[in-house]
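Questions regarding the structure given below will be posed in turn.
The values are calculated or read from the model by the stated rules, or taken from the named source; none is laboratory data. Remember, it's a predicted structure, so these values are computed and weren't measured experimentally. So basically every Cβ, Gly included, is an ideal-geometry build from the backbone, and we count neighbours across all protein chains shown.
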Amino acid sequence: MPTKVLSIVGPTGVGKSNLALALARQCKELGLKVEIISMDSALVYKGMDIGTAKPSAAEQTEVVHHLIDILDPSQHYSAAQFASDAKELVAEIKQRGSIPIVVGGTMLYWRAWVYGFSNLPPADTKVRDQLDREAAQIGWPAMHAKLALLDPSSAERLQPNDSQRIQRALEVFAITGRPLSDLFEETPSLAGRKQEPNPDWVELISLEPSDRKVLHARLEQRFDQMLNSNFIAEVELLRNRGDLHPNLPAIRSVGYRQVWEYLAGESDWETMKQKAYAATRQLSKRQMTWLRAMNRQVFDPFDSEQMELAQKKCLALLRGLS
């Protein structure tokens, strides 16, 4: 990639998409065309709009967005697939004279795109289905205990109810016969233990709040707004299809899992809300852990002066790429 690509990252709920849209509008005034590549593991799914804070139809019409609404919730999408799709899209966007911006908070996708991890096997539907059947019989805490015997390092960093990551770790072991933690160690860019240099073709801007309490309050407020915007009805439509289940990656998304459990009668309203709040906080914490190991320029999304600086920095870069 001969020229830089701007990537805007950060934990959930900090306004990454809003910044990208603002930049696209400014560029349009300058006669430049920007296209946004979404780097979000939930936005790929159709029919999941409210709970993912998906850009509106009007916003997607105003600015071209990629990798949104490309899959049915019954399907799987992987970091390796994102890496391949993103590389192709960046090349295509540049070829037609537009400027790509990669925007999102799924940091494993970012690392797969930037560094790659050829030593990790792709998803295997048969293995995953087998693990899902086993989990349905014994539960994910028991699957976590199984993982602890096969891959103690991975089990130690995962919660007993983190079904998606437990499944992936068990899947990798089933396919390769080796612990996922060993493969991570062989890929320094995935180890997340020290800050590493970025390739010279990527410019990384990260929106990270200096006060976590402010972020947590905003995340709770955002989830409440989702509930007031018919989020329950959205999940109910997914449940009523009959072909989806809670072990699918789409349904395991933060917010969807908790509302699904509520609709199944497994929790009451207040418990559902508190579980969703906690899951969103945990997601933001994991994202921040990834970010700390990355060489990035940091701006506080809740500081107006910082955001003005971030916007100027990004705009100058985009103008230089035109």
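Could you pull out the residue among Ala155, Ala174 that is at pLDDT 85 or above, under 13 Å from Pro121 (Cβ atoms) and among the small types (Gly, Ala, Ser)?
So the residue among Ala155, Ala174 that is at pLDDT 85 or above, under 13 Å from Pro121 (Cβ atoms) and among the small types (Gly, Ala, Ser) is Ala174.
Which ones in the range 265-305 are touching a Pro at 6+ places or on another chain (Cβ under 8 Å), over 22 Å from Pro199 (Cβ atoms) and of a type in the set (A, V, I, L, M, F, W, C)?
Answer for the range 265-305, where residues must be touching a Pro at 6+ places or on another chain (Cβ under 8 Å), over 22 Å from Pro199 (Cβ atoms) and of a type in the set (A, V, I, L, M, F, W, C): Leu283, Met288, Phe302.
Then there is this: Among (1) within 30 Å of Leu321 (Cβ to Cβ); (2) in contact with a strand residue (DSSP E or B) (Cβ under 7 Å, 6 or more places away or on another chain), which single condition is Ala250 missing?
If we test Ala250 against (1) within 30 Å of Leu321 (Cβ to Cβ); (2) in contact with a strand residue (DSSP E or B) (Cβ under 7 Å, 6 or more places away or on another chain), just (1) comes out false.
Just to verify a result, which residue in the range 232-272, among those that are among the β-branched types (Val, Ile, Thr) and in a loop (DSSP other than H, G, I, E, B), is farthest from Ile70 (Cα to Cα)?
Val254
From the set of residues in the range 237-251 that are surrounded by fewer than 20 Cβ atoms within 10 Å (Cβ to Cβ) and within 20 Å of Ala279 (Cα to Cα), which is modelled with the lowest pLDDT?
Ranking the qualifying residues of the range 237-251, first place goes to Asn247.
Quick test for you: out of Asp151, Asp132, pick the one residue that is surrounded by 14 or more Cβ atoms within 10 Å (Cβ to Cβ), acidic (Asp, Glu) and under 23 Å from Thr289 (Cβ atoms).
Answer to the check: Asp151.
Another question, then. Between a residue in the range 134-155 that is in contact (Cβ under 8 Å) with a residue 24 or more places away in the chain and any residue that is part of a helix (DSSP H, G or I) and exposed (fewer than 14 other Cβ atoms within 10 Å of the Cβ), which pairs come within a Cβ distance under 9 Å, given they are 6 or more apart or on different chains?
Ala135/Ala142; Lys146/Ile138; Ser153/Glu185
Looking only at helices (runs of 4 or more DSSP H) that lie completely in the range 119-186, which have at least 3 residues being of a type in the set (D, E, K, R)?
125-138, 163-176, 180-186
Considering only residues that are of a type in the set (Lys, Arg) and free of Cβ contacts under 8 Å to residues at least 40 places away in the same chain, look in the range 33-70 and name the one that is surrounded by the fewest Cβ atoms within 10 Å (Cβ to Cβ).
Lys46
What number of residues within the range 34-54 are over 23 Å from Leu315 (Cβ atoms) and either in contact with a Lys or Arg (Cβ under 8 Å, 6 or more places away or on another chain) or of a type in the set (Val, Ile, Thr) (or both)?
Adding up the residues that qualify gives 6.
Would you pick out the residues in the range 157-179 that are within 22 Å of Val254 (Cβ to Cβ) and not basic (Lys, Arg)?
Scanning the range 157-179 gives Leu158, Gln159, Pro160, Asn161, Asp162, Ser163, Gln164, Ile166, Gln167, Ala169, Leu170, Glu171.
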